[in-house]
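Novice: One structure is given below, represented as structure tokens, and several questions about it will come after.
The values are calculated or read from the model by the stated rules, or taken from the named source; none is laboratory data. Just so you know, these numbers come straight off a predicted model, no measurement behind them. With ideal geometry, Cβ positions are generated from the backbone for all residues, glycine too; neighbour counts draw on all protein chains shown. The protein model used for the area step is the full one, side chains on, heavy atoms only, and it has no ligands, DNA or RNA in it. Shrake-Rupley method; radii C 1.70, N 1.55, O 1.52, S 1.80 Å.
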Amino acid sequence: MKPISFLLATILATSGVMLVPSQPAEAAVTGADVLAKLDTLAVRFPDQTYKATMEIYKGGNLRTTMVFGMWMKNLEKQFIHFTAPGDVAGMKILMEDRETIYMYSPEFQKVRRIAAHMQNQGFLGSEFTPEDMVMAKLSPSFDAELVGKEGSETKLVLKPKTGVSLSYSKLEIFIDSTVNGVTRIHYFDSTGTHVRTQTREEWRPFEDIKIPTQVRMKNLKTGDETVIKLSEIDVKTPIADDLYSRRTLMRG
């Protein structure tokens, strides 16, 4: 879905565990500790499958609704298959690793690699990008600073590591103790301007935790939004490794 989701890969696992210590004696925890914990929890369920709808809003009006299935393995491998509407049905996205993303177009029956310079552009008119997809794990790309806590929220500021090329100068992540998960992410461009906000909503019980079943991405420059709603979540069924291959993209 990252090109649709993206940090969605962490949704099923960054919930239900206390990420930030509540006792003063544990106050020495660092931002790096919290970020590492987020990534560790994100692979709590190695194989993740779900169905989703993606609603694209332009000018406050619903422009289109897309339906897709998502299969993920350890966050590093992701496979997306669009089933509706008709003009995108059959389109597939494959992430083999952080550096390699392919897209299959049923119209032309061809597979093409998504170039690095295209990864920060909106996908299919949505507010999500292929770059979101490769940021499913954060610690390989970001250094983290634990800013502090206000009310039930703890704030973490992430900045790209030296040598890592990303379109964002920093991210702000908010962890809410009422759900024990990441509820909001702010994205800042190269000038330091807050340009996007991701909000995780509709938290529901799942296994022994709570997870958000709705993710909203808002473009603060245009006011446009994309909302992804998850259903049929499965973290128990193993996914075959051969799903994540270019041959799979060409199958009907």
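Novice: Suppose the filter is at pLDDT 90 or above, part of a strand (DSSP E or B) and farther than 20 Å from residue 198 by Cα; does residue 72 pass it? Spell out the reasoning first.
Specialist: Details: at pLDDT 90 or above: yes; part of a strand (DSSP E or B): yes; farther than 20 Å from residue 198 by Cα: yes.
So residue 72 passes the test.
Novice: Go through segment 207-241 residue by residue and tally those that are under 18 Å from residue 175 (Cβ atoms) and more than 16 Å from the chain's Cα centre (by Cα).
Specialist: The qualifying residues number 2.
Novice: Would you list the strands (runs of 3 or more DSSP E) that sit entirely within segment 194-252 and hold 1 or more residues that are open to solvent by less than 30 Å² (accessible area, probe 1.4 Å), within 19 Å of residue 123 (Cβ to Cβ) and touching a His at 6+ places or on another chain (Cβ under 9 Å)?
Specialist: Details: elements: 194-206, 209-219, 225-234.
Passing ranges, in order: 194-206.
Novice: Shifting gears a bit: In segment 142-174, how many residues are buried (at least 20 other Cβ atoms within 10 Å of the Cβ) and of a type outside the set (A, V, I, L, M, F, W, C)?
Specialist: Number of matching residues: 2.
Novice: I'd like the full set of residues that are open to solvent by 10 Å² or more (accessible area, probe 1.4 Å), over 15 Å from the mean Cα position of the chain (by Cα) and among the aliphatic types (A, V, I, L, M), limited to segment 29-65.
Specialist: 29, 32, 36, 62
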